[in-house]
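Let me begin by presenting the structure, written as structure tokens, before commenting on it.
The values are calculated or read from the model by the stated rules, or taken from the named source; none is laboratory data. Small disclaimer: the values here were computed from a predicted structure and weren't measured. All Cβ positions, glycine included, derive from the backbone under ideal geometry; neighbour counts span all protein chains shown. SASA here: full protein model, heavy atoms, side chains in, ligands and nucleic acids out. Shrake-Rupley method; radii C 1.70, N 1.55, O 1.52, S 1.80 Å.
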Amino acid sequence: MQQFFIVLCLVLMVVAGGAAVMLRSMLKSTISLGVASALLAAVLFLLGAFWAAIFELSVCSGLITVVFVSAVSLTNSDRKDEEHVKEHRARVAALPAILIFAGASLLFILFSHDFNIVISSTPASFAAFKEALWSLRQSDILGQIIAILAGTFAVIVLFKERDNI
Amino acid sequence: MITFATISFLGLPLLAILLLNVVSKKTGGAISISVGYVVAIIQMIAAVVCMALLWMHGKDFIEFSLFWDMNATLGAAKLSVDLFSLVVLFCIGMVSLASLLTAKKTIGEKTLNYTNLLMVIMLGMNGIAVVTDLFSLYVFLEITGIASFVLIALLNDKRGLEGAFKYLVMSAIASALILGSFALIFTQTGSLVYGDVAKALADWRNAQYAPLLIVGFVMFIAGFSIKAGIAPFHGWLPDAYQSAPASVSVLLGGIVTKMAGVYALIRVLNSVFVAMPMINNTLLILGLISIVFGAVAACGQKDFKRILAYSSISQIGYIILGVASGSLLGFVGAMLHFFNHATFKTTLFVNSAAVEMQTGTTDIDQLGGLQARMPVTAVSSILAFLSMAGIPPLAGFWSKLLIIIAVWQSVSAVGGGIALAASIFTAAYFLILQRKVFFGPLEDHLTEVTEAKGTISLAAVLLSIVTVAFGVLFPVILNFLHLQGIL
Amino acid sequence: MISGLSSLITSGNGAGLIWIMIVIPVILAFLALIIPKTAYSGRATVLVLATVINFIAAIAIFCTKETTMLMPWAGFEMNLAFRIYSFSGFTVLLIAVFALLVAIYSIAFMRNRNGSGQFFFYFLLTVALANGAVLANNFVVMLFFWEGLLVTLFGFLLINQHSKPKTAVKALIISGIADLLLMLGIAFTVFQTGSLSMDAISGLSVSGMGLFGYLCLMLGALGKAGAMPFHSWIPDAAQDAPLPFMPFLPGSLEKFLGIYLMVRVSYEFYQLVPASGMSIAVMIIGAVTILLAGAMALIQKDMKRLLAYQEISQVGFIVLGVGTALPVGLIGAVFHMLNHATYKSCLFMTAGSVEYRTGTTDMSKLGGLMKVMPVTGICFVIASLAICGVPGFSGFFSKELIFDAALETNWIFYAIAVFGVFLIAASFLKMGQAVFFGKVKAPNVSMLKEAPPAMQLPVVILAIGCIVFGVCNFIPLHLIQPIFGSIIGNHDFSGWPHSATLVIISCVILLIAVLNHIYGYKKTGAALSAVDHIHYAPVLHSIYNGAEKRYTDPYSWLMVVVKIYSYICFGIDRAINWFYDVLLVKIVSFVSSRLRMANNGSPSRYMVWSFSGIAFIIMLFIALM
Amino acid sequence: MNIVSAIILTAALLMIIAGMFCLVRTYNLIRIIIAIEIAMKAITLLLVFAGAVNGNMALSQTFVITMIVIEVIVAVVAAGIAISLYHKNGNVDIRELTNLKG
């Protein structure tokens, strides 16, 4: 049953991802990405990665969607003129065919050969997770701090001082 | 010792950021460049001191951790420095110093932001140099990347934003490929620490997830090729270099893309993917394509910085070639060429900054005869180019020689021959550039031009001295390495 | 390293001398650069001091028995290895002698001129590098010094403020290609023997990989010596560089180095078999050089350019001699190398003296200088007689030896060489009469006087050398012959040539040249245009004339042939020039412009490239698995 | 062959393909950033999949968390650059970005 849900979520996620590419309206596209992200969070949860799932749900499908929606509204890029229609047709035409073909051939390859890839999913205990995050991955934490600093300076350069120049 | 390395390479830039942003914005802007000097110089000194310590203790590498000690369980990401990372750390300090020296005149009012981002990018690069874990490597790669996008767009001009966006798109794809390959490797190994991965991959053909690993290798090579700008993955590189503000292109051309692409690639190849002829041969071919492509494309360019960008593509090809030869000689050659490239390419970008500052353009068709007006710039650019073309006794000759010998011996004479022949093109675009910018009759609108004053000339002179001194002393250094048993 | 150095110098088995030859000129070179322009005599003193020390050390080296020295250097068999033996000692001595003479000359010449500090700097650096290249006993060490000469060459050509960088660039490209071939040749040779040490290689056969190795090494050496097709920068350099550069580098040092390597390659590293295909190929290069450069020299109107082409033509004789692979050819070539350096340096210096006093070397503006500059004029005449090969003078004896060797291989080569003598003689008759005889003519007639003594001294010494090496030819030959004792056996080539027939033929050729000159002079009335009937006769005009004279005047036949031939040579020369100047550049710029178009600034395009790159990697992976 | 792992791998590949396709075919800067995000989703999935396969789920979750933080920052910076470009060019069309070429 759990396996069925995983497969279902994955299929829906690919569909949502494809929709994010194909939809003409930028706003719908953005929301579609958020949906794909939420479905991914569900997959992660079903696979036993609880904390990653929570992060994915809150940050990716929440925060990033907000960022994109505001970017779309700030750049006013949701117009529907002739140019966009043409562009849209060019974008949409081939994708489903490519996706179906690639998916089918990969599945064929995976099932026709005897690859022994088995998920031995055992959800990690909170203690193990804490241990991994805080004592093994110190350099990553330092990295996160620096990355957030970089992001801060980026926002200062790109937004705050833009009008001064 | 351990605290010393941690503080000087990772703590000090953080401290500088803190210092600059705690004080008032005006004071921070005023002292920022000077603080930058201090950090860069201390980093250079610390690298040399660590080298001496390594030598005194007779060790190959020194491990250290960050906040608290880690027990050595599976997946513990420690930090360590060895000779190569120290050389690279020294280069980072040197190029940052050159960039700061150039920045004083070219950045304008944005010095505080510039210095903050420089500190971040230094942290990112230092991180790349010291980590021993594939995932941490990715984290620091991204930090370096983010900081450099913002630095390119620092002046908020149209071109800078365009170059930054192109770099961002390509770099994001590269990161996705790199992290994807790490994920696939992680399936097999259960850890991403260099040593563990190397052990788990030792017999990778018979490993459980061998097909995934092969896909991972392809993604790995493609991702790092984009980051390093190897042809045909190079598209973003000339645009980013050309559009960046003068002092930022010094930084980018001198060290950033080399750290993010080449050093990380070398490090992984050398400590994780040991003795995998498939990867090495692929990189060898890509390196050769890059050498020839970059050199030929550079011959037809019309912009000072773009010529330098294409020549970077070509020189990166040499470094990759040295590593891909798989022999120790090639590795040492690549390491030395890395250092030499950092010196001469930085010199050239500093020169381009000087030319841009004094004449207002980098279009070589509008320049000419600057030799008489800007002698320091002209002479240092000749020296740097001769070094790049591999003319003895300058530094570039030795590293190129080692690389070509290594390729010749261990892989194929054809590869060595091609690499050798491409040196002619190096000379060709050097001569084109030199003739159009510095030789020939002085253009009418340039009669008022004077030599760039102060810190820019200082940077050019210092770097030229390093190039010449390193070239002349090179046999001694090589002999020393030989005696130390490193070679 | 320093302690090792001092112990080597004090050990006194010749090894210390090597360091003196290489290190001292370099140190003094920097000293000459540092001394300010106002203290010109200081600079001059440094130059003379360095060359005298070099000269003394060279004599000491020449007297030393075979010595090798070895210092660990870069590892991987790349040791700092040097070897003194008879031939390298001899060559180093020659370098030292000519460096000393040119140094004395250039001190006078460069006075009150710009760039003297740079000139002396490059001069001493060149001496040190040339010494190193000759004495090196390790291919990498040799290459180091050899390539270093490229840098000083580049520097020399850029000293003059008004000189065009184009010449320097051209020289750098051409020499660069030659040096690349040399590197390839070394690679092939080392690949066969597995040793970088030069004395470990001997008697490889010229076949298979050896063929390529020999060919590349030979081409590299030819490039240094300035034979076809590596010559075309020299005439340009003659006009651009400071004049003492010409007797110094292309006139003597580069010849010594190139021919030194050529001889070692042909007789030591490889075993060139007489009359084999490769031997014929080398001889053809020599013969073509003689013909093309001789014909080009004939039509020049500038003293320096004429001498430069003449000099290329002389290299042809030497290459011809080396290419025969016969003992007599070898001795002839080495002897000719010495003679050539003597008279050609002398000629360049006289041209320099003329330029020093008159300010020009354009022959149409000069005339009758013998009256005002008798010493220079007489020396010029003596050197001209030597270069033309008039019996009794030095050039005659070495040329006869080469003729001997050429005739033994194939009469065609002999015929070409003899024809080369005709071209040389004709051009020198023209130049000599135009510049030194007739009415006094110069841009500044009233101020003319003899050149300063410091400039006369080396000229006179060299002119005396031309006579002494001819009349007492046993002196140089008895120095040269022991070097190649193992190759030539106990043969003694000194004294008059053995074959009277050849001597007579040579004399007849010289006579024809004189007659041709008189004919041309009578016809046009000016010495300078004495060979214009060869150069300028328009085709149509000559056909009309030919209809009248076809049966009466066989001479015009000869002239038409010579004229057409001269134009063909001109064409070939221009074609070679075109290859370097245009074609190479065109191809590269074409490819490059296509690449520029491909890089159209669109990120999507960049992505597509990257995807094709990924596809390429996947293909490589499949292929490599 | 476990059906779930096969589907996961296929889904990851399809997401990457969708992202790359979008990158090449679109003219809108914001959509390019969305394309990058879609590819990053695939990578997230792969990382967790790797953890599930080798049983080291704790480690793989720390990776995912760090990665998400960085992903957000990249997205913000990219959106910032796109907005700045909008202010300079008046639109977010990638075809306007050809000042730098050659």
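Give me a count of the residues in region D:46-70 that are within 12 Å of the chain's Cα centre (by Cα) and surrounded by fewer than 24 Cβ atoms within 10 Å (Cβ to Cβ).
First, pick out the residues of region D:46-70 that are within 12 Å of the chain's Cα centre (by Cα): D:67-68, D:70.
The next check asks that each one be surrounded by fewer than 24 Cβ atoms within 10 Å (Cβ to Cβ); those that pass are D:68.
Counting residues in region D:46-70 that are within 12 Å of the chain's Cα centre (by Cα) and surrounded by fewer than 24 Cβ atoms within 10 Å (Cβ to Cβ) gives 1.
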Notebook entry, point to check: Quick one: is B:Gly108 open to solvent by 10 Å² or more (accessible area, probe 1.4 Å) and out of contact with any strand residue (DSSP E or B) (no Cβ under 6 Å at 6 or more places or on another chain)?
Noted result: yes
Margin query: Among the listed residues C:Val206, C:Val151, identify the single one that is within 12 Å of chain B (Cβ to nearest Cβ) and surrounded by 19 or more Cβ atoms within 10 Å (Cβ to Cβ).
Written below: C:Val151
Check: All but one of (1) open to solvent by 10 Å² or more (accessible area, probe 1.4 Å); (2) within 14 Å of chain C (Cβ to nearest Cβ); (3) at pLDDT 85 or above hold for B:Glu356; which doesn't?
Finding: (2)
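Every residue, every condition in (1) touching a residue at least 24 places away in the same chain (Cβ under 8 Å); (2) in a helix (DSSP H, G or I); (3) hydroxyl-bearing (Ser, Thr, Tyr); (4) within 14 Å of chain D (Cβ to nearest Cβ), yes or no:
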residue	(1), (2), (3), (4)
B:Ser175	yes, yes, yes, yes
B:Leu184	yes, yes, no, yes
B:Ser191	yes, no, yes, yes
B:Val197	yes, yes, no, yes
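For B:Leu308, state whether it is more than 14 Å from chain C (Cβ to nearest Cβ), more than 30 Å from B:Pro277 (Cα to Cα) and crowded, with 24+ Cβ neighbours inside 10 Å. First the steps, then the outcome.
Values: more than 14 Å from chain C (Cβ to nearest Cβ): yes; more than 30 Å from B:Pro277 (Cα to Cα): yes; crowded, with 24+ Cβ neighbours inside 10 Å: yes.
Taking the combined requirement at face value, the residue satisfies it.
Working only within region B:274-302, note down all residues that are open to solvent by less than 20 Å² (accessible area, probe 1.4 Å), out of contact with any Phe, Trp or Tyr (no Cβ under 8 Å at 6 or more places or on another chain) and of a type outside the set (S, T, N, Q).
To start, the set of residues in region B:274-302 that are open to solvent by less than 20 Å² (accessible area, probe 1.4 Å) comprises B:276, B:278-279, B:282-284, B:286-287, B:290-291, B:294-301.
Those still in the list that are out of contact with any Phe, Trp or Tyr (no Cβ under 8 Å at 6 or more places or on another chain) too: B:283-284, B:286, B:290, B:300.
Result: B:Leu283, B:Leu284, B:Leu286, B:Gly300.
When the residues of region D:1-51 are filtered to those that are outside any helix (DSSP H, G or I) and within 12 Å of chain B (Cβ to nearest Cβ), which remaining residue is nearest to D:Val77 (Cα to Cα)? Quick ask: steps written out before the conclusion?
Pass one, region D:1-51, residues outside any helix (DSSP H, G or I): D:1-2, D:26-28.
Adding the requirement that they be within 12 Å of chain B (Cβ to nearest Cβ) leaves D:1, D:26.
Values: D:Met1: 41, D:Thr26: 20 Å.
Selected residue: D:Thr26.
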Notebook entry, point to check: Where in region B:236-328 are there helices (runs of 4 or more DSSP H), lying fully within it, with 1 or more residues that are of a type in the set (Phe, Trp, Tyr) and within 28 Å of B:Phe217 (Cα to Cα)?
Noted result: B:236-243, B:277-299, B:304-324
Next item on the list: Answer with yes or no whether C:Ile576 is away from chain B (no Cβ under 13 Å), in contact with a Pro (Cβ under 6 Å, 6 or more places away or on another chain), farther than 19 Å from B:Ile173 by Cβ and in a helix (DSSP H, G or I).
Entry: yes
Note to self: Tell me yes or no: at least one residue of region D:85-97 is open to solvent by less than 10 Å² (accessible area, probe 1.4 Å), away from chain C (no Cβ under 14 Å) and assigned to a helix (DSSP H, G or I).
What the structure shows: no
Check: Do we have any residue at all in region B:412-420 that's more than 21 Å from B:Thr343 (Cα to Cα) and not in a helix (DSSP H, G or I)?
Finding: yes
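For region B:111-120, state whether one or more residues are more than 7 Å from every other protein chain (Cβ to nearest Cβ), surrounded by fewer than 24 Cβ atoms within 10 Å (Cβ to Cβ) and in contact (Cβ under 8 Å) with a residue 24 or more places away in the chain. Walk me through it before giving the result.
Applying the first criterion (more than 7 Å from every other protein chain (Cβ to nearest Cβ)) to region B:111-120 yields B:111-112, B:114-115, B:118-119.
Next cut, surrounded by fewer than 24 Cβ atoms within 10 Å (Cβ to Cβ) only: B:111-112.
Adding the requirement that they be in contact (Cβ under 8 Å) with a residue 24 or more places away in the chain leaves B:111-112.
Scanning region B:111-120, I find at least one residue that is more than 7 Å from every other protein chain (Cβ to nearest Cβ), surrounded by fewer than 24 Cβ atoms within 10 Å (Cβ to Cβ) and in contact (Cβ under 8 Å) with a residue 24 or more places away in the chain, so the answer is yes.
Regarding B:Leu179, is this residue under 23 Å from A:Gln144 (Cβ atoms) and within 8 Å of another protein chain (Cβ to nearest Cβ)? Walk me through how you get there before you give the answer.
Values: under 23 Å from A:Gln144 (Cβ atoms): yes; within 8 Å of another protein chain (Cβ to nearest Cβ): yes.
Taking the combined requirement at face value, the residue satisfies it.
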Check: Limited to region D:24-45, what total is found for residues that are free of Cβ contacts under 8 Å to residues at least 60 places away in the same chain and more than 10 Å from the chain's Cα centre (by Cα)?
Finding: 4
Margin query: Looking for something surrounded by 23 or more Cβ atoms within 10 Å (Cβ to Cβ), in contact with a Gly (Cβ under 7 Å, 6 or more places away or on another chain) and assigned to a loop (DSSP other than H, G, I, E, B) - is there at least one such residue anywhere in region C:373-389?
Written below: yes
Check: When you go through (1) open to solvent by 20 Å² or more (accessible area, probe 1.4 Å); (2) more than 16 Å from B:Gly11 (Cα to Cα) one by one for B:Val35, which number turns out not to apply?
Finding: (2)
Note to self: Here is a list: C:Phe422, C:Phe469. Which entry is in contact (Cβ under 8 Å) with a residue 12 or more places away in the chain, surrounded by fewer than 22 Cβ atoms within 10 Å (Cβ to Cβ) and not in a loop (DSSP other than H, G, I, E, B)?
What the structure shows: C:Phe422
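Given the criteria within 16 Å of B:Ala240 (Cβ to Cβ) and in contact with a Cys (Cβ under 9 Å, 6 or more places away or on another chain), does B:Gly294 qualify? Explain how you work it out, then say what you get.
Details: within 16 Å of B:Ala240 (Cβ to Cβ): yes; in contact with a Cys (Cβ under 9 Å, 6 or more places away or on another chain): no.
Answer is no for this residue.
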Checklist line | Checking B:Ser85 against (1) facing chain A (nearest Cβ under 9 Å); (2) assigned to a helix (DSSP H, G or I), the condition it does not meet | finding: (1)
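Report yes if A:Ser77 is modelled with pLDDT of 90 or more, open to solvent by less than 60 Å² (accessible area, probe 1.4 Å) and either assigned by TED's automatic domain parsing to the domain that holds A:Ser37 or out of contact with any Pro (no Cβ under 9 Å at 6 or more places or on another chain) (or both), otherwise no. Steps first, answer last, please.
Working: modelled with pLDDT of 90 or more: no; open to solvent by less than 60 Å² (accessible area, probe 1.4 Å): yes; either assigned by TED's automatic domain parsing to the domain that holds A:Ser37 or out of contact with any Pro (no Cβ under 9 Å at 6 or more places or on another chain) (or both): yes.
So A:Ser77 fails the test.
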Next item on the list: Output the residue which, of all residues in region B:311-338 that are crowded, with 24+ Cβ neighbours inside 10 Å and among the polar types (S, T, N, Q), is farthest from the other protein chains (Cβ to nearest Cβ).
Entry: B:Gln315
Notebook entry, point to check: Could you say whether any residue in region B:437-453 is free of Cβ contacts under 8 Å to residues at least 60 places away in the same chain, away from chain C (no Cβ under 12 Å), of a type in the set (Asp, Glu) and more than 20 Å from B:Leu321 (Cα to Cα)?
Noted result: yes
Item checked: Any hit, region A:3-18, residues being in the same structural domain as A:Val92 (by TED's automatic domain parsing) and closer than 18 Å to D:Glu71 by Cα -> yes
